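Below is one structure, written out as structure tokens; comments come after it.
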Amino acid sequence: MKLHRITALIVRHLYLYRRSLPRIMEIFYWPFLDLVIWGFITLYLARYQSQVPGFVTFFLGALILWDMLFRAQQGITISFLEELWARNLMNLFASPLKPSEFLTATMAMSVMKVTIVSIVMAGCALLFYSYNILIVGVWLMPFVLNLVITGWIIGVFTTSLIMRFGQEAEVLAWSMVFLFQPISCVFYPMEVLPTWLQMIAMANPAAHIFEGMRAVLGTGAPPIGNLAWAICLNGALLVGVVAWFYRTVAYCKDHGLLVRVGE
Amino acid sequence: MSTPVLKVSDLTKRFGDFTAVNGVSFEIRPGEILGLLGPNGAGKTTTIQMLLGLVTPTAGSIHMFGLDLSTHREEILRQVNFSSTYISMPQSLTVEENLWVVARLYGVSDIARRVYDIVKKLEMEEFRCKITRKLSSGQMTRLTLAKAFLTDPRILFLDEPTASLDPDIADKIRSLLKEERRSSGLSILYTSHNMREMEEMSDRIIFLQRGRIVAEGTAQEIIDRFGKADLEEVFLKFAREQRQSSP
């Protein structure tokens, strides 16, 4: 063992961190998120222990739905990263391909991923825990559709950031969606959050879906209000994020970043 | 005189304070091969990137087939393709799979036949089923050339197309380019650091230095104008001048 060779590798990695905010953020990011998520879950269970009917029903349902959102986001971002890793972006953007066609293709990929993952997860939940996701009933489909659109919104947003800031922002592909997890109220109701965070969560379509899911499973109440909120927010945010993607493409072309993003 | 397929007027690109391309104007006529020469940093790559719509010009205009690139992007790019030693293609796909993707992207009809023809033409039969990651650099160059020919373009931008090929394959590629130009009226913008190749291939040559056109004409006209023995000497003159005047 030679110390100089070991330190050479350490220095090689430290060089990366010296100039990369996303990498530094990532060190603190996951512990912080774990703390926030599990903190709110603990708070929820401690405060409402007697009123929480069937943890398994809530948590497994929430977990499966959250994974659909996550895969929808990954379907967009990973498809873009695949092109970046293959240094294929120049081939694509110098072809007649339009940004709208690029987005549509990644969204289609995302739907395929979500469909496959959902079937597998639902099957496993049924097999291992006798949990049937279909107990959510007729509301399952509108919930899933809205979560997929929320996943697209986060995916397009993340893709734009990677396009703008290059490969060093690549970690966002996996981490960005989890920034939305605490305010998506996946495993606990919105009322557990501090008031200021509730205001932010209100603007997140996913939070309304998970609130709706809990309402259906808990009381059987039709989640019309939650769905209406989610649909309106998704519509507005999708339009906004696609417009931002177009702006980012134009910015990258103006600054010559499109041809350098894979380097 | 025939209408130019490509007309570049006063093309300028600035990145902050740095001017990469400065008021460049030129034309390419049907079936013409135009050589774009210049030392590293002269603005060749930025010019090609602007012609491909990858970089937005700061000023000036690009017209191809009589259409403005800024307003007719899809229509123009459907009839244009490029190849460069410096680009890659999806590594996990086979050579044929990559060609199929490109063909679909450009709306090529009868894809199977077209892919078969191009694989045969570029002598790629032995590695057509190979995963792209496993290609040698010469095979990779042939794949990017195949990608460029596959879509039957009217204008081809070639950035050092023979840089990593052995002399035999490089010679075949040059013959193929000349044949395509003869048979289909293909116009080519060609860059290379191989001056003999540039002399052989180009009908006209444009020399770029610090983003400006400093010489234009046939290879012989340029050699005579600067009183040099060959194109390489002219190139060295411009390259050294550029290096000396760099801050």
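No lab work stands behind these numbers, since they all come straight from the coordinates. These numbers come from a predicted model, not from an experiment. Using ideal geometry, Cβ is built from the backbone for each residue, glycine included, and neighbour counts are taken over all protein chains shown.
For A:N88, no residue whose modelled amide H falls within less than 5 Å of its own remains once neighbours fewer than 5 places apart on the same chain are excluded. What net charge do the residues around B:A170 carry, taking every other residue with its C-beta under 12 Å from that of B:A170, with Lys and Arg at +1 and Asp and Glu at -1? Result for the neighbourhood of B:A170: -2.
With helices as the sole contributors, the protein assembly as shown gives -19000 deg cm²/dmol at 222 nm; each DSSP H run of n ≥ 4 counts as -39500 (n - 2.57), and the sum is divided by every residue. Taking a straight Cα-Cα cut-off under 21 Å and skipping sequence neighbours fewer than 8 places away in the same chain, the lysines within cross-link reach of B:K13 are A:K253, B:K44.
Each part reduced to its alpha carbon centroid, the stretch A:114-171 and the stretch B:98-128 end up 36 Å apart.
Normalised by residue number, the volume inside the convex hull of the Cα atoms of the stretch A:1-154 is 209 Å³ per residue.
What's the Kirkwood radius of chain B in Å, using all Cα pairs?
In chain B this quantity evaluates to 18.7 Å.
Listed values for the stretch A:73-78 are Karplus-derived 3J(HN,Hα) couplings in whole Hz (6.51 cos²θ - 1.76 cosθ + 1.60, θ = phi - 60°), namely 5, 4, x, 6, 5, 5, and x replaces Gly and Pro. Averaged over peptide B:54-61, the number of partner chain Cβ atoms lying within 10 Å of each residue's Cβ comes to 4.
Against the globular-protein guess of 2.2 N^0.38 Å, express the Cα radius of gyration of the stretch B:1-108 as a ratio, rounded to two decimals. Output field value: 1.19. Partner shielding of A:93-105 amounts to 4, given as the average count of beta-carbon atoms from other chains within 10 Å of each residue beta-carbon. With semi-axes defined as the square roots of five times the eigenvalues of the C-alpha gyration tensor, the equivalent ellipsoid of the stretch A:58-254 measures 31, 19, 14 Å, largest first.
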